[in-house]
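Let me begin by presenting the structure, written as structure tokens, before commenting on it.
Each reported figure results from applying straightforward, stated rules to the coordinates on display, with no laboratory input. Small disclaimer: the values here were computed from a predicted structure and weren't measured. Cβ atoms come from the backbone with ideal geometry, glycine included; neighbour counts cover every protein chain shown.
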Amino acid sequence: MRKFKWKRALLVLLLLALTGSCMPQFFYTNSGTSISHGSPGNGSLEQGYLMPYRLENAKYFSLSSYYLLGNGYLNSKVYQTLIDAYARCEETCPKIKFKYMECSSKHGGKQLIHRTHRNGMSVDFMVPKKNGEEQSTFFDHLGIWHYFLEFNSEGQLSLNSNVEIDFETMARHILALDDAARKNGLGIKKVLLQIDLKDDFYRTPSGKAVKARSIYFAKYLSPTVDKFHDDHYHIDFKLL
Ligand SMILES: [Zn+2]
């Protein structure tokens, strides 16, 4: 009987702790103008803006990352850039459902699985996937585990080679982000994508347009960083 009470007390404590961690995200209101201090690798964020969990054609990728870890915050200008870019994608990528992944925490600083993402100027975007001509979203629902998916150098998913990265859609999204960034006083500082995937990306019509705009893609990545940038592309924004 006593043991049962302890278990129940522990469960209540756990639930209270979980609720306490999620609460700030439930009641957060975006206001004012954000200030990003330092760099994505060593910085902090003031007046962060919390991305909506869901937009018309895009959604945050993980409930636990958003509510429990509180990793959906951005600089207000980056926030507006994402909102504007997804609105544009409704026209340039009709019917496509996008997912945005980890951003920063409310006040920036260290992140659990990232070396950067510390000042609200970095965002991870899930690669859009297709199976034939149709969008494939089956593997988009893995939450945090999506970071561990692996693709070969042609962009085919190791778990199912019929599913591959939709490089054309990805490039259209980056073009929309570039346009929206300029409108909001920002620029794309750099894109991180697995080195072996870049040739497939640049081969698409919109990939060629990305190249023509000289949007910078990292030319070299350490093996560890390279390994993890096949299921998503990371973008650092800069103030202009
Ligand atoms: Zn990242």
Subject >> Hits in region 90-109 - residues which are out of contact with any Lys or Arg (no Cβ under 7 Å at 6 or more places or on another chain), over 13 Å from Lys59 (Cβ atoms) and away from the ligand (no atom under 16 Å from the Cβ) >> reply: Glu90, Glu91, Pro94, Lys95, Lys106, His107
Subject >> The listed residue being part of a strand (DSSP E or B), touching a strand residue (DSSP E or B) at 6+ places or on another chain (Cβ under 6 Å) and not β-branched (Val, Ile, Thr), out of Gly38, Gly43 >> reply: Gly43
**OP:** Any chance you could count how many residues in region 97-144 are of a type in the set (A, V, I, L, M) and buried (at least 19 other Cβ atoms within 10 Å of the Cβ)?
**Re:** 5
Original post:
How many residues are within 13 Å of the ligand (Cβ to nearest atom) and either in a strand (DSSP E or B) or farther than 17 Å from Phe61 by Cα (or both) when one looks only at region 110-134?
Top reply: 11
Original post:
Here are Ser64, Ser31: which of them is part of a helix (DSSP H, G or I), surrounded by fewer than 23 Cβ atoms within 10 Å (Cβ to Cβ) and on the phi < 0 side of the Ramachandran plot?
Top reply: Ser64
**OP:** At least 3 residues that are in contact with a Ser or Thr (Cβ under 8 Å, 6 or more places away or on another chain) in each: list the strands (runs of 3 or more DSSP E) lying fully within region 145-240 that qualify.
**Re:** 232-239
